[in-house]
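Right, one structure below, let's go through it.
FYI, it's all coordinate maths here, none of it is from the lab. Everything numeric in this text was worked out from a predicted model, so none of it was measured. Cβ placement follows ideal geometry from the backbone for every residue including glycine, while neighbour counts extend to all protein chains displayed.
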Amino acid sequence: MANVLKISTLGDSVLRQIALPVNEDHPQLQEFISDLWATMYRTEGIGLAAPQVGKSIRVFVIDLDILKDEFPELKGFKKVFINPQVEILKGGKVAYNEGCLSIPGVNKKVTRPDAIQITYQDENFETHTDRYTGFASRVIQHEYDHLEGKLFVDYLNPLTKLLLSKKLHSNQK
Ligand code: ZN
């Protein structure tokens, strides 16, 4: 049975660490991935990265199927990303609202590059290289940032951060 794990929130130092690569022999990795899914679904998220549950390793999960009515290309998109490497491709930038399970109650527009290429291993440690644009690209970039110790509020301008400071502060421990 999978366990629902505790979500780390803004102020927890694990969210600011550079996560470590994992290999196939990582103890209880498959159980951990099941726990990530269980935690993500319980909290009604669409993506969850290992540091968000206090484990600083390079793993995140994303399930975008729920958005298929709005974005038909996302039907069936459910993936585990291990040791991902993201490369920004040529193209425009897009602004879109983001939130984060680790920063409850904050939802803000973030500008990100649209097109990316990601090389990663899946849960069976098979390597894939895929290109994404649109919503999938955005969620991947958001989750990837968690592995680099970055949070979406880091992208906000100083005034927006100032206006949010009460909310951001109340999320600090
Ligand atoms: Zn997040």
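Couple of notes before you dig in:
- Among (1) at positive phi; (2) within 14 Å of the ligand (Cβ to nearest atom) - the single one Thr43 does not satisfy: (1)
- Unique match (being in contact with a His (Cβ under 9 Å, 6 or more places away or on another chain) and of a type in the set (Gly, Ala, Ser)) among Gly91, Gly54, Gly47: Gly47
- Number of residues in the range 29-59 that are in a helix (DSSP H, G or I) and not aliphatic (A, V, I, L, M): the value is 11.
- Residues of the range 38-80 that turn out to be polar (S, T, N, Q) and surrounded by fewer than 16 Cβ atoms within 10 Å (Cβ to Cβ), as a count: 1
- Neighbours by Cβ (under 6 Å, 6+ apart or cross-chain): first from the range 1-16, closer than 16 Å to Val106 by Cα; second in a loop (DSSP other than H, G, I, E, B) and of a type in the set (D, E, K, R): Gly11/Lys173
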